Amino acid sequence: MSLITTSLSSAAKVQGRFVYRNVVIHRSRKCPLGESRAYSWRINPIEDLQDLVTVPLLQEKDCIFNPSVNEIEKGHELFIQKPGHKIKKVKSVVNLEKLPVQNIPEVSFVGQSNVGKTSLISALFGNAVDSHLIKIGKTPGLTKTLQFFNVGKQLSLVDMPGYGKNIPSYYMESMHTYLQTRRVLCRSFLLVDSEAGLTDLDKEGLRMMEDLAKPYAIVLTKIDKPRQSVLVKNLMEVLDHAEKKTHICFPQPFLTCAPSLAGIKYLQTFIAHVTGNLQLHSHEREEKQTTVKHSYSEPQGPTKNSSL
Ligand SMILES: Nc1nc2c(ncn2[C@@H]2O[C@H](COP(=O)(O)OP(=O)(O)OP(=O)(O)O)[C@@H](O)[C@H]2O)c(=O)[nH]1
Ligand SMILES: [Mg+2]
């Protein structure tokens, strides 16, 4: 993952609120999010943030996930309940010996307490699943077990207990063991609060994911909370850290807002693809056209066709 930084010469002439590593971040030109939750983000919210800086946030070679509009609609459809395609909670697991036995691809959501893991899973289901099924908390530490949610017979999403202050260490241990040993786990998402920015605990989480050497991606949650200029700065810090300290992390972070579902279709499409439920023809075209390919290992587990 890499962030292009530039010399001050081109950017310094512009009045901006933040300068991060010589890159001036403009004040939000459109609607500052802190002032309006109703802001309408593009399918991939990074594109909105790109408008605020004069240098590319991501290098071209790192923009490897570019689904078409049609593919995004197909990815989104996978998460809609219909007869014969139910979204249901299959199990809450405390004891790792009691993990559900099912041969479908799993993706897991990892991160510190209160970062928004459960809310993100609910948003992936369009916030349309019964609230008794998915419990979202005001206080950290609400999710105390590994919770498995099946999307039809296609895939399973796994909500993890959060880690952090005053959270029992066995949460961390059971999460680590699950991530290390689960054969059907094909992708994890490490969540970072976009308002708080990258914390020491997040850095610890990233170190753990790197040590595990299993495919994962970063999700910046709660993008409705900070001003866009703060969001850009925090995103750049995440990209910078990921470039320097990670090797396995997927180069494109995902940005999401659970209440408004911003960024959710884009993430749904990625999940549909990496679990082998959606072939991306636009991606294949991109790959043929470009000579630079990101070195990235194939996902493990029972995926069918995924190529990212
Ligand atoms: N504004 C806003 N609030 C959010 C968003 N996502 C989550 N929250 C809030 O953040 C708080 C924590 O959310 P949870 O989804 O319970 O967080 P968690 O990571 O599952 O927490 P633990 O189960 O304790 O590990 C709740 O009050 C949510 O309503 C978001 O995108 N925007
Ligand atoms: Mg939770």
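The values are calculated or read from the model by the stated rules, or taken from the named source; none is laboratory data. Here the structure is a predicted model, which is why all the values come from computation and not from measurement. Ideal geometry is used to build each Cβ from the backbone, glycine not excepted, and the neighbour counts take in all protein chains shown.
Here region 252-285 is the region considered, the condition is being in a loop (DSSP other than H, G, I, E, B) and in contact with a strand residue (DSSP E or B) (Cβ under 9 Å, 6 or more places away or on another chain), and the residue that is nearest to Ser108 (Cα to Cα) is Thr275.
Residue count for region 113-147 under the criterion of being near ligand 1 (Cβ under 6 Å from one of its atoms), within 22 Å of Leu99 (Cβ to Cβ), of a type in the set (Val, Ile, Thr) and part of a loop (DSSP other than H, G, I, E, B): the result is 1. Apart from one condition, Ile223 fits all of (1) surrounded by 22 or more Cβ atoms within 10 Å (Cβ to Cβ); (2) outside any loop (DSSP other than H, G, I, E, B); (3) hydrophobic (A, V, I, L, M, F, W, C); the exception is (2).
Taken over region 223-265, the criterion of being aromatic (Phe, Trp, Tyr) and either under 18 Å from Ala128 (Cβ atoms) or in contact with a helix residue (DSSP H, G or I) (Cβ under 6 Å, 6 or more places away or on another chain) (or both) is satisfied by Phe254 alone. Return a yes/no flag: does region 127-142 have any residue that is over 22 Å from Leu212 (Cβ atoms), touching a residue at least 40 places away in the same chain (Cβ under 8 Å) and in contact with a Gly (Cβ under 9 Å, 6 or more places away or on another chain). Checking region 127-142: not a single residue is over 22 Å from Leu212 (Cβ atoms), touching a residue at least 40 places away in the same chain (Cβ under 8 Å) and in contact with a Gly (Cβ under 9 Å, 6 or more places away or on another chain). What residue, among those in region 138-178 that are over 12 Å from Lys89 (Cα atoms), in contact with a helix residue (DSSP H, G or I) (Cβ under 7 Å, 6 or more places away or on another chain) and among the aromatic types (Phe, Trp, Tyr), is modelled with the lowest pLDDT? Here the residue is Tyr163. Residue under question is Pro168, and the condition is that it be within 12 Å of ligand 2 (Cβ to nearest atom) and surrounded by fewer than 18 Cβ atoms within 10 Å (Cβ to Cβ); does it hold? No: the conditions fail for Pro168.
Arg227 fulfils the conditions (1) more than 12 Å from ligand 1 (Cβ to nearest atom); (2) out of contact with any strand residue (DSSP E or B) (no Cβ under 8 Å at 6 or more places or on another chain); (3) at pLDDT 95 or above except for a single criterion, (3).
Flag: Lys135 matches the condition of being within 15 Å of ligand 2 (Cβ to nearest atom), touching a Leu at 6+ places or on another chain (Cβ under 9 Å) and among the basic types (Lys, Arg). Filtering region 148-164 to residues that are outside any loop (DSSP other than H, G, I, E, B) and over 24 Å from Leu278 (Cβ atoms) leaves only Tyr163. For region 98-132, a residue qualifies if it is of a type in the set (A, V, I, L, M, F, W, C), within 15 Å of ligand 2 (Cβ to nearest atom) and in contact with a Lys or Arg (Cβ under 9 Å, 6 or more places away or on another chain), and the qualifying residues are Phe109, Val110, Val115, Val129.
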